[in-house]
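Okay, structure first, notes after.
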Amino acid sequence: MKIIVYCKYFNFKNPLDKPKMESFVVNLPQIPRVGETIVVERISTQKQFVIIFEYIVTAVQLNASRESTDAADAQVNACLNHCWEGTSNFKVTNFLEK
């Protein structure tokens, strides 16, 4: 299922900065529920390692009207809980975890 994730995060180097908003699309086997964890991997800009992000879902909105076949099944708000680095041969796919 196609899910749009909206995430607000803070600059840890300067916590007084205005929080930034990020959105991205993930494909998951099911629509997540509030409190569940979404884990997403991204390749670093130098493409030498992957960065794994762990988000906790804080709100879910189902898309009732499917006007387009390309429309997302749901939109979720999430907060970044944790992130870490791995080597390029460390492979994680998007998954849900309670």
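The numbers here are math on the coordinates, done by the rules we state, and not lab data. Note that this is a predicted model, so its numbers are computed, not measured. Because the Cβ atoms are built from the backbone with ideal geometry, glycine has one as well, and the counts that use them run over all protein chains shown.
A straight Cα-to-Cα reach below 18 Å connects Lys20 with the aspartates and glutamates Glu54, residues fewer than 8 places away in its own chain not being considered.
Remark: spin-label model distance Asn63-Lys8 equals 2.3 nm, labels positioned 7 Å along the Cα→Cβ axis. Subtracting the Cα-Cα distance of Val25 and Glu54 from 0.36 nm times their residue separation leaves 9.0 nm of extension gain. Per-residue packing, averaged as other Cβ atoms within 10 Å, sorts the ranges 33-40, 10-17 into the order 33-40, 10-17, beginning with the highest. Scanning residues 5 or more positions from Phe49 or on other chains, those with amide H under 5 Å from its amide H are Ser44, with H placed 1.01 Å from N in the peptide plane. Mean separation of Cα pairs under 8 Å and 6 or more residues apart, divided by the residue count, gives region 1-87 a relative contact order of 33 percent.
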